[in-house]
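In what follows, a single structure is set out as structure tokens and then discussed.
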Amino acid sequence: MRTCFTLPDGYEETDYVNLYTNRRLYRALNTASFLIGAAVLAVGYFWQGFDALLALLKRGMSDYLLWILILAAGIIAFYTLHELTHGLCMRLFSGIRPHYGKKGLMLFTGSEAYFCRRDYVITALAPALLFTPLFALLTVFLKDEWFWLALGLQLANLGGIVGDVYMTGKALRQPKSALFRDSGVGVTIYTEKP
């Protein structure tokens, strides 16, 4: 089955996942994100230590606040690029413009198309495959407080892809002919009727 715009005959809804309203799943994904973040911070501490951040603070509050503002702006820009990456894949696979939105603290990208499993998995994983190695390289080459800035962006990245990885796993457990309609906050899965 290929990505399409109308649900083909013989398909029915077999599952619906809403990462925002399913509180149990939402908490589980946030817990996983927290644990991953703690592990990454521990690696950063053992690799570089906190001396650079302490030195930044000793240089003056204005330098420290500027660093915090740069980090915050970088995280906001990253989350925007993350969603635009999903949107670019949706546009490439479906030919129609996706829609973007915000619900609570969550940014999302959705589409009216029914994506085949392959296209859906690529769309879900695209930000992880693009940004994870990029931020990893930055942490290798940047020093002092800039290392911690890159690590902060990697933390935002890993926190943002937890739901994408979860949905990829769910998609890969579906039949190859399954279709996925991603509204942005929820994904409806359709499979062929038995």
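Structure notes:
- Charge dipole (the chain, unit charges on Cβ, about Cα centre) - positive-most of Gln48, Met1, Thr85: Met1
- Region 89-130-region 3-22 distance, computed between alpha-carbon centres (Å): 14
- Signed unit charges on C-beta, dipole axis of region 11-192, positive-most listed residue Gly95, Asn22, Gly152: Asn22
- For the chain, lysine pairs with C-alpha atoms less than 25 angstrom apart, excluding pairs fewer than eight positions apart on the same chain, total 5.
- Summed side-chain charge close to Gly10 - residues other than Gly10 whose Cβ falls under 9 Å, Lys, Arg +1, Asp, Glu -1: -2
- Proxy reagent accessibility, fewest Cβ within 10 Å first, across Glu13, Glu112: Glu13, Glu112
- If the chain linking Tyr64 and Leu88 were pulled fully straight, counting 0.36 nm for each residue of separation and taking away their Cα-Cα distance, it would gain 5.1 nm.
- Separation of the Thr31 and Leu138 label points, Cα + 7 Å toward Cβ, nm: 3.1
- Sorting 78-87, 185-194 by average packing, meaning the other beta carbons within 10 Å per residue, from highest down gives 78-87, 185-194.
- Listing Ser111, Ser94 from fewest to most neighbouring C-beta atoms within 10 Å gives Ser94, Ser111.
- For the chain, the dipole from Cβ point charges (+1 on Lys and Arg, -1 on Asp and Glu) about the Cα centre works out to 200 debye, to the nearest 20.
- Where labels lie 7 Å past Cα in the beta-carbon direction, separation of Thr21 and Asp51 in nm: 5.3
Values in this text are rule-based calculations from the coordinates and carry no lab data. Fair warning: this is a prediction, and the values are worked out from it, not measured in the lab. Reconstructed Cβ throughout: ideal geometry from the backbone, glycine too, with neighbour counts over all protein chains shown.
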